[in-house]
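Down below is the structure, laid out as structure tokens.
Read the figures in this text as sums done on the coordinates, not as results from a lab. Note that this is a predicted model, so its numbers are computed, not measured. Methodologically, a virtual Cβ is constructed for each residue, glycine included, from the backbone with ideal geometry; neighbour enumeration extends over all protein chains shown.
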Amino acid sequence: MKKAKDDNTEGLILKAAKSVFQSKGMDGARMQEIADKAGINKALLHYYYRSKQLLFEAVFNNAFSLLAPQLNAILNDDSSIEDKVRNFTSNYISFINKHPYLPTFVIQELNRNPDFILKMKDNPGFPNLEKFKNQVKTEVENGLIKPISAAQLFMNIMALNVFPFVAKPLLMAFTSTDNDAYNQLMEKRKTEVADFIINSIKNT
């Protein structure tokens, strides 16, 4: 019973923290506000997480542990590069639509604490690009795709998928869209981004 109660309390904390971090950002978030939202006192919050940094890392790791295995599976399956681009883009956009705070969190944290990436990389679920690199090289050699390095291709995929979430307020202003319309644009990007990247690398 105690273990179940502990797990429930921690779940409430992580849910509250995710909400506060999403609306206030890392710097604007306050432990007292998180405790209030979780329905506990601040002392109990500090019992579970001694600092806001540790709480942030727990929230991030919780979400990352859901996304990373999906991306890793796509990068390391036996599908073609074209299918990998389509599946990666679709899965990433679907996931970030449910966890929109994540890209901004990562960028803010990398700017504030560059060593944070080392902790991420030590995560056993951190995506491994070795098979992807070898596959890109093979498909280039076989004339299936135009000459491009796997690193450049992966950066193109990440940039086109991540930036619209990070720059959402700016892009909403530029495109004169409200939140619902912007979400529809992001849904369409699942195919738009994939088609754009594939058309840029495919030998015709």
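Table for the structure above
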| read-out | value |
| --- | --- |
| Sequence of LEU75, LEU66 once ranked by neighbouring C-beta atoms within 10 Å, starting from the fewest | LEU66, LEU75 |
| Whole-percent pair-distance distribution, where bins are 5 Å wide, for the alpha carbons of region 1-50 | 5, 24, 31, 24, 11, 4, 2, 0 |
| Cβ-placed point charges (K, R +1; D, E -1), dipole of the chain about Cα centre in debye, nearest 20 | 520 |
| Out-of-range pairs (alpha-carbon distance over 23 Å; input LYS37/LYS98; LYS15/LYS84; LYS84/LYS131) | LYS15/LYS84 |
| Per-residue Cβ neighbour rank within 10 angstrom, fewest leading, GLU109, GLU130, GLU187 | GLU130, GLU187, GLU109 |
| Fluctuation leader among ASN161, ASN87, ASN183 - the chain, Gaussian network, Cα springs under 10 angstrom | ASN183 |
| Reduced Cα scattering model of region 83-187, Debye log10 I(q)/I(0), q = 0.23 Å⁻¹ | -1.30 |
| Kyte-Doolittle mean at least 0.5, axial Cα span of 24 Å or more - DSSP H helices of the chain | 52-75 |
| Neighbour-count order for LEU67, LEU171, fewest beta carbons within 10 angstrom listed first | LEU171, LEU67 |
| Hits among aspartates and glutamates - C-alpha to C-alpha of LYS18 under 14 Å, sequence gap 8 or more where chains match | GLU10, ASP27, GLU33, ASP36, GLU57 |
| Calculated log₁₀ intensity ratio I(q)/I(0) where the Debye formula runs over C-alpha points of region 141-204, q = 0.18, 0.20, 0.26, 0.28 Å⁻¹ | -0.72, -0.82, -1.11, -1.20 |
| Neighbour cut-off at most 13 other Cβ (10 Å), DSSP loop, trypsin sites (Lys or Arg not before Pro), region 33-117 | ARG50 |
